[in-house]
Amino acid sequence: MTRVLVADDDDLMRAGLIELLSNDATIEIIGQAATGRQAVERTCRLAPDVVLMDVRMPDLDGIAATRELSRAVPGAKVLILTTFEQDDYLFGALRAGASGFLLKRTRPEELIAAVHAIAAGDSLLSPSITRRVIDRMAQQPTPQFADQTKLDQLTRREREVLELIARGLSNREIATALVVEESTIRTHVKRILMKLGLRDRVQVVIFAYESGLMKLT
């Protein structure tokens, strides 16, 4: 079972999300929250596999709540769900430690698939969002957590994989480009994350640009 906590200040939206997710027999709703502060407190207490987090909430917004969870519960997996598509929300959510970002107009089956993907340890970064991350990072390089010396730990092939991830390619696309099995790429990705101390592909994209490995061309 994938244990989920739903955080949204709109009672109707929260009830709808709970009903939708409950239709999947492998998803269990273990809690809900109407404010960001409640989301933090209940996540710390209930330890859900995935927190479905709205952005605009009273007391503590979803971005700030995600940031607090990243510090208080390092293993917390947050899927941001919002009606807004502005870059400020997108990059605020990714920098705060969110594992994925979806718009509320997403189809029900895509939302359910996203919850399972986040629970499995994957990040949810669609090609369009990856492109926007790349554009923003390339145009406004602002090194924060990118330690260039960490790149020396990577093998030549791992650097190749890192660059392809940063360009927005999926594991399957990388495997095709490098003419290897997809399972081999998954192994490379795990090693890259471990060596660089990164949580997921979202941070890999940001790291690649903030470290100067990738530049806008």
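The values are calculated or read from the model by the stated rules, or taken from the named source; none is laboratory data. These numbers come from a predicted model, not from an experiment. Ideal geometry is used to build each Cβ from the backbone, glycine not excepted, and the neighbour counts take in all protein chains shown.
Observations
One line per residue, one yes/no per condition, for (1) in the same structural domain as L90 (by TED's automatic domain parsing); (2) of a type in the set (A, V, I, L, M, F, W, C); (3) under 15 Å from L111 (Cα atoms); (4) out of contact with any helix residue (DSSP H, G or I) (no Cβ under 8 Å at 6 or more places or on another chain):
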| site | (1), (2), (3), (4) |
| --- | --- |
| V6 | yes, yes, yes, no |
| S22 | yes, no, yes, yes |
| A25 | yes, yes, yes, yes |
| L46 | yes, yes, no, yes |
| L52 | yes, yes, yes, no |
| M57 | yes, yes, no, no |
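- Test for P74: is it at pLDDT below 75 and either under 22 Å from D10 (Cβ atoms) or assigned to a loop (DSSP other than H, G, I, E, B) (or both): no
- Residue match in segment 83-100 (condition: over 15 Å from the mean Cα position of the chain (by Cα) and crowded, with 21+ Cβ neighbours inside 10 Å): no
- Residue under evaluation R156, criteria (1) in the same structural domain as G100 (by TED's automatic domain parsing); (2) of a type outside the set (D, E); (3) at pLDDT 85 or above; (4) surrounded by fewer than 16 Cβ atoms within 10 Å (Cβ to Cβ), criterion not met: (1)
- Complete set of residues in segment 37-58 that are within 17 Å of S99 (Cβ to Cβ) and surrounded by 15 or more Cβ atoms within 10 Å (Cβ to Cβ): A39, V40, T43, P48, D49, V50, V51, L52, M53, D54, V55
- Residue count for segment 63-82, restricted to those that are surrounded by 22 or more Cβ atoms within 10 Å (Cβ to Cβ), closer than 24 Å to L20 by Cα and either of a type outside the set (D, E, K, R) or free of Cβ contacts under 8 Å to residues at least 24 places away in the same chain (or both): 8
- Counted residues, segment 166-214 - those being within 19 Å of F91 (Cβ to Cβ), assigned to a helix (DSSP H, G or I) and hydroxyl-bearing (S, T, Y): 1
- Summed over segment 35-59, residues that are over 20 Å from G75 (Cα atoms) and either touching a Lys or Arg at 6+ places or on another chain (Cβ under 7 Å) or in a strand (DSSP E or B) (or both) total 1.
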